[in-house]
Amino acid sequence: MTQGDRASQLRDTQDAFDSVAADYDGPRGNNSLIQDMRNEMWRWLDRTFAPGSRLIDLGCGTGLDAVHMAKLGHRITATDWSPQMIARTADRARRESVTEQVEAIAVGAHELHHLEGRGRFDGAYSNLGPLNCVPDLADVSTACARLLRPGGALVFTVIGRVCPWEIVHYALRWRWPRLKMRFARNVVPATMNKHTIWTRYYTPREFYRAFERDFMLEHYRGLCVFAPPPYLTGVRERHSRFYERLWRIDRRTAGWPLLRSIGDHFLIVMTKR
Ligand SMILES: C[S@@+](CC[C@H](N)C(=O)[O-])C[C@H]1O[C@@H](n2cnc3c(N)ncnc32)[C@H](O)[C@@H]1O
């Protein structure tokens, strides 16, 4: 792929997210099921980062995580490739009175060299798939290694390849091209709001390969292995007790061998070598 192709794909993705930023913290980008996934991420962020950490949020969206972390006492450099998302984050930080703790900057995860000169960070996190939109993960690894202090940690949730619910959902509807999408080797176009998001899907192992030179793998686990993916909110609404049970099983077992490699997303924790 040429530099020109990459630049044009990045622009498409930016336009797509700019176009939905105004209401992305509503049902489109933060329905109740996504909030359950977010709660799980928050649990792992709490486990990983000491109070008062200085952290980078990669692909912060409308700033829900950045403001949550700021309220816990962390200092957040919130970054996103979509200027409209960054405007939402800055606005949320203002409304929630955490402007001292949240700095919002329109910088893509593929251009983190722009953060150099701002001192060392204790870690970085990225929630719900921004890193699926980055052309070259090895660049992210190199940049994070430069920006983090020794022992600094990364906590990411990433869209995975093998989502059991999705396979059954699309197979029952005979939607084979959609079913096969996550198994593509290369970048694929996903549609949102009549725009294109260029996306790559990974298994946790494929993902880690890009980081292994600079970071040690501490933990990974599936997210929504038994629980349904975010677009099947009907399951949560119609069968709430069944749904709760699935989440409990997820929390207990999604770190087990085999199960940790599947799920709608996976969560991965790494520390700098
Ligand atoms: C699914 S949203 C998740 C947003 C947020 N992390 C959350 O938890 O709500 C994906 C975000 O990634 C951002 N994004 C897409 N490509 C990116 C890139 N190359 N670098 C940084 N952010 C990117 C989008 O603008 C969007 O805000």
Restricting the stretch 159-179 to residues that are out of contact with any Pro (no Cβ under 8 Å at 6 or more places or on another chain) and closer than 20 Å to ARG205 by Cβ, the residue that is surrounded by the most Cβ atoms within 10 Å (Cβ to Cβ): ILE159
For PRO257: the one exception among (1) part of a loop (DSSP other than H, G, I, E, B); (2) within 18 Å of the chain's Cα centre (by Cα): (2)
Candidates ASP46, ASP23, filtered to the one that is without any contact (Cβ under 8 Å) to a residue 60 or more places away in the chain and closer than 22 Å to LEU147 by Cα: ASP46
Can you find, within the stretch 70-85, the residue that is surrounded by the fewest Cβ atoms within 10 Å (Cβ to Cβ) among those that are aliphatic (A, V, I, L, M) and over 15 Å from the mean Cα position of the chain (by Cα)? LEU72
Can you tell me which of ILE56, ILE34 is β-branched (Val, Ile, Thr), buried (at least 19 other Cβ atoms within 10 Å of the Cβ) and more than 9 Å from the ligand (Cβ to nearest atom)? ILE56
When you scan the stretch 44-52, do you find a residue that is in a helix (DSSP H, G or I) and within 12 Å of the ligand (Cβ to nearest atom), even just one? yes
Kindly indicate whether any position in the stretch 211-234 is among the acidic types (Asp, Glu), out of contact with any Cys (no Cβ under 9 Å at 6 or more places or on another chain), exposed (fewer than 15 other Cβ atoms within 10 Å of the Cβ) and part of a strand (DSSP E or B). yes
Can you tell me which residues in the stretch 97-109 are surrounded by 19 or more Cβ atoms within 10 Å (Cβ to Cβ), within 12 Å of the ligand (Cβ to nearest atom) and outside any loop (DSSP other than H, G, I, E, B)? ALA104, ALA109
Among (1) near the ligand (Cβ under 8 Å from one of its atoms); (2) assigned to a strand (DSSP E or B), THR62 falls short only on (2)
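Throughout, read-outs are computed from the coordinates displayed, never taken from laboratory work. Quick caveat: nothing in here was measured; it's all calculated off a predicted structure. FYI the Cβ positions are ideal-geometry reconstructions off the backbone, even for glycines, and counts take in every protein chain you see.
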